[in-house]
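Read the structure below first, then the notes.
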Amino acid sequence: QVQLVESGGGLVQSGGSLRLSCAASGNICSAYAMAWYRQAPGKQRELVATITSGGETNYADSVKGRITIVRDNAKNTVYLRMNSLKPEDTAVYYCNTARPRFGLWGQGTQVTVSS
């Protein structure tokens, strides 16, 4: 059974940077379009960034220019590089396929940006 494990979150000051990792137990990261999502307290989960199997990327308007999604097929890992973080980026970050599969939602990784 494929599992996705997110890591790399933490507490950072406004303007800081983090790199999140999403490691897959199988080769799903290389076979499918992947995505990062986030859910802030009291809000619905939202799409942050996607990357196709061919490497094409797309970003939510709120993160464009600050966040980069990268995939390493050899490591079955998808990364989210986040710069110039803002307090409104505070959320639990999850990875999943670009068409999310219920069974792939993991624990997520908490990102907290202090002002």
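The values are calculated or read from the model by the stated rules, or taken from the named source; none is laboratory data. Remember, predicted model here, so these are calculated numbers, not experimental data. Cβ placement follows ideal geometry from the backbone for every residue including glycine, while neighbour counts extend to all protein chains displayed. The accessibility values were calculated without ligands, DNA or RNA, using every heavy atom of the protein model including side chains. Shrake-Rupley method; radii C 1.70, N 1.55, O 1.52, S 1.80 Å.
Name the residues in the stretch 1-19 that are touching a helix residue (DSSP H, G or I) at 6+ places or on another chain (Cβ under 8 Å) and either open to solvent by less than 30 Å² (accessible area, probe 1.4 Å) or small (Gly, Ala, Ser) (or both), would you? Correct list: Leu4, Ser14. If you filter the stretch 15-36 down to residues that are under 17 Å from Leu85 (Cβ atoms) and in a strand (DSSP E or B), you find that the one that is farthest from the chain's Cα centre (by Cα) is Leu18. Annotation: of all residues in the stretch 73-115 being small (Gly, Ala, Ser) and in a strand (DSSP E or B), the one that is least open to solvent (accessible area, probe 1.4 Å) is Ala91.
Screening Asn58, Asn73, Asn83 for residues that are out of contact with any Asp or Glu (no Cβ under 8 Å at 6 or more places or on another chain) and either of a type in the set (Val, Ile, Thr) or free of Cβ contacts under 8 Å to residues at least 24 places away in the same chain (or both) leaves exactly one candidate, Asn58. Per the conditions (1) open to solvent by 70 Å² or more (accessible area, probe 1.4 Å); (2) closer than 20 Å to Gln3 by Cβ; (3) under 12 Å from the mean Cα position of the chain (by Cα), the sole criterion not satisfied by Leu47 is (2). So is Cys22 in contact with a Ser or Thr (Cβ under 7 Å, 6 or more places away or on another chain), surrounded by 14 or more Cβ atoms within 10 Å (Cβ to Cβ), closer than 14 Å to Gly9 by Cβ and hydrophobic (A, V, I, L, M, F, W, C) or not? Yes; evaluated as a whole, the condition is true for this residue.
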